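**Q** Pasting in a structure now, in C-alpha cells, and then I'll have a few things to ask.
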Amino acid sequence: ANFWEWSDGSTLFFWRWPREYRRAIRDGLEVFIDGELPDYWSRQRWPQDAAEKAQLKDKIRKVIQREYIRTGFVLSLTGFFAVAKGDGDIRIVYDASKSGLNESIWAPNFPMPTASTVLQAVDHNSFFGDIDLGEMFLNYMLDPKLRPYAGIDATELADELGIKLKEDQRIILRWERSLMGFRSSPYNCVRIYLWSEDIIKGDRLD
C-alpha cells in the first residue's frame with residue numbers, strides 16, 4: 001500500500017469474520033442463474049483515438065496487476081469501454097449485458113436513497129459526511145461458478161503484459177471480483193458491506 005490506496009489490490013480478511021460468513025466472504029456470495037449462460041467470443045473493441053486508447057490500457061492493466069482479473073478457465077467473454085470523466089480522464093464501463101450474462105442471472109432490486117429521502121431526516125442540527133469507499137465492488141469476490149463466464153479479451157495489452165503472441169493468438173483472462181456493470185454486483189456487495197457494519201458495531205449488550 002501507499003498513503004492513499006492499496007496499490008497491489010485489496011480484499012477482506014475473511015478468517016477474521018464470524019464463521020457463518022467466512023465462506024461467502026472468501027469465495028463470493030452465490031449468484032442465482034435464471035437462464036442459459038452465454039457463449040460470447042467477440043473481440044474487444046478499442047477506441048480509435050490513440051490517447052484515449054492509452055488511457056484505457058492503463059486502467060485495464062491496473063486492474064490486472066491487482067489480480068482482480070486473472071488467468072483461469074473461460075467459457076464466455078464480457079466487454080468494456082471508456083466514457084469521459086471530467087477533463088482529460090476516462091471511466092471504464094464493464095459490460096456484462098452485450099454478452100448476455102446479465103440476462104442469464106437474477107438479482108433482487110433495491111431502492112437507492114435520493115436527496116429527498118435524506119432530507120426527510122434532516123433538521124438544523126444535522127451534520128453530513130462524504131464517505132467514498134475505494135474499489136467498493138472490487139473488494140468482493142465473484143461467485144466461482146460465474147467466473148468462467150466473465151472473461152475479458154486482453155489481447156491488445158500483450159506488449160504491456162510482456163507477452164509475445166503468435167498470429168491469431170489471443171490473451172483471455174477472467175474476472176475474479178464483482179465487476180461494475182454486472183447485475184448482481186450492487187446487491188451482493190451492499191449486502192456484504194452491511195454485514196460488516198453489524199460486525200464493526202458489535203453486540204450492544206456485550
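The values are calculated or read from the model by the stated rules, or taken from the named source; none is laboratory data. This structure is a prediction, so every number in the text was calculated from the model and none was measured. For neighbour counting, all protein chains shown are included, and Cβ atoms are generated from backbone atoms with ideal geometry for every residue, glycine included. The area values use the complete protein model at the heavy-atom level, side chains included, leaving out ligands, DNA and RNA. Shrake-Rupley method; radii C 1.70, N 1.55, O 1.52, S 1.80 Å.
**Q** So, of the residues in the range 54-84 that are in a helix (DSSP H, G or I) and touching a residue at least 40 places away in the same chain (Cβ under 8 Å), which turns out to be farthest from the chain's Cα centre (by Cα)?
**A** Going through the qualifying residues, I end up with Lys57.
**Q** Going by the conditions given, is Tyr68 within 17 Å of Gly151 (Cα to Cα), hydroxyl-bearing (Ser, Thr, Tyr) and in contact with a helix residue (DSSP H, G or I) (Cβ under 6 Å, 6 or more places away or on another chain)?
**A** In short, yes.
**Q** So which residues in the range 196-206 are of a type in the set (D, E, K, R) and open to solvent by 90 Å² or more (accessible area, probe 1.4 Å), if there are any at all?
**A** Asp198, Lys201, Asp203, Arg204, Asp206
**Q** Could I ask something else about it? Taking interchain pairs and intrachain pairs at least six residues apart, which have beta carbon atoms under 7 angstrom, with the first residue in the range 1-22 and modelled with pLDDT of 90 or more and the second exposed (fewer than 10 other Cβ atoms within 10 Å of the Cβ) and not in a loop (DSSP other than H, G, I, E, B)?
**A** Close Cβ pairs (under 7 Å, with a partner that is exposed (fewer than 10 other Cβ atoms within 10 Å of the Cβ) and not in a loop (DSSP other than H, G, I, E, B)) amount to Arg22/Trp15.
**Q** Take the residues in the range 171-195 that are surrounded by fewer than 22 Cβ atoms within 10 Å (Cβ to Cβ), at pLDDT below 95 and within 19 Å of Ala154 (Cα to Cα), then tell me which one is farthest from the chain's Cα centre (by Cα).
**A** Only one residue fits best here, namely Gly181.
**Q** Give Glu160, Glu167 a once-over and let me know the one that is open to solvent by 70 Å² or more (accessible area, probe 1.4 Å) and not in a loop (DSSP other than H, G, I, E, B).
**A** Glu160
**Q** Among the residues of the range 1-45, which ones are among the β-branched types (Val, Ile, Thr) and in a loop (DSSP other than H, G, I, E, B)?
**A** Thr11, Val31
**Q** Taking the stated definitions as given, is Glu67 acidic (Asp, Glu), open to solvent by 40 Å² or more (accessible area, probe 1.4 Å) and within 24 Å of Gly162 (Cβ to Cβ)?
**A** yes
**Q** Condition first: more than 26 Å from Ala1 (Cβ to Cβ) and open to solvent by 60 Å² or more (accessible area, probe 1.4 Å). Now tell me which residues in the range 70-93 satisfy that.
**A** Phe73, Leu75, Phe81, Ala84, Asp87, Gly88
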